[in-house]
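S.K.: Below: one structure in structure tokens.
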Amino acid sequence: MIKLNIYAMKSHGLSIARGEYREESSPMVIVLKETRAWCKLHQAQMDSKAQPEAPSRFEGYTLREEAAGEVIVSMMEYLQHIGCSDIEGLVRQIVEQ
């Protein structure tokens, strides 16, 4: 099992280092980032009708898979930013319910 908490902290830290937002930024900044990720996923889905296996930047994955992964990472960043201490536990409970 991967440790979502570790990946969330790493992704959050990298986004801050890249200047995408600051530690003090409103959570809405990350919600807007999430909205852009969803728009990118929607576009990848629409484009997949013409080219279903469009390659992504990552070997072995399609563009749709990459875009969906970006949505997941963005949501992990949001949870990290608002102080969720156990993202993996939260996800596990949601899935099991």
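S.K.: Enter the angle in degrees (range 0 to 90, nearest 10) between the Cα long axis of helix 63-81 and the first principal axis of the Cα atoms of the chain, meaning the one along which they spread out most.
M.R.: 10
S.K.: Once the mean 1/r over all distinct Cα pairs of the range 45-97 is inverted, what Kirkwood radius in angstroms do you read off? Write out the running numbers ahead of the final one.
M.R.: Details: mean 1/r = 0.0772 Å⁻¹.
Hydrodynamic radius (Kirkwood, Cα pairs) of the range 45-97 is 12.9 Å.
S.K.: Calculate the radius of gyration of the Cα atoms of the chain to one decimal place, then report Dmax, the largest Cα-Cα distance, as a whole number, both in Å.
M.R.: In order Rg, Dmax, the Cα atoms of the chain give 14.6, 42 Å.
S.K.: Can you give me the three principal axis dimensions of the range 8-65 from its C-alpha atoms, in Å, biggest first?
M.R.: Rounded to whole Å, the extents work out to 42, 22, 16 Å.
S.K.: Report, to the nearest whole %, how much of the accessible area of the chain belongs to carbon and sulfur atoms, 1.4 Å probe, protein only. Write out the running numbers ahead of the final one.
M.R.: Numbers: 4230 of 6930 Å².
C and S atoms contribute 61 percent here.
S.K.: Now a separate question. How many Å² of accessible area per residue for the chain, probe 1.4 Å? List each step's numbers first, then the result.
M.R.: Numbers: 6930 Å² over 97 residues.
Value returned for the chain: 71 Å² of accessible area per residue.
The values are calculated or read from the model by the stated rules, or taken from the named source; none is laboratory data. Quantities reported herein were computed from a predicted structural model and do not represent experimental measurements. Note: areas computed on protein heavy atoms with side chains; ligands, DNA, RNA excluded. Shrake-Rupley method; radii C 1.70, N 1.55, O 1.52, S 1.80 Å.
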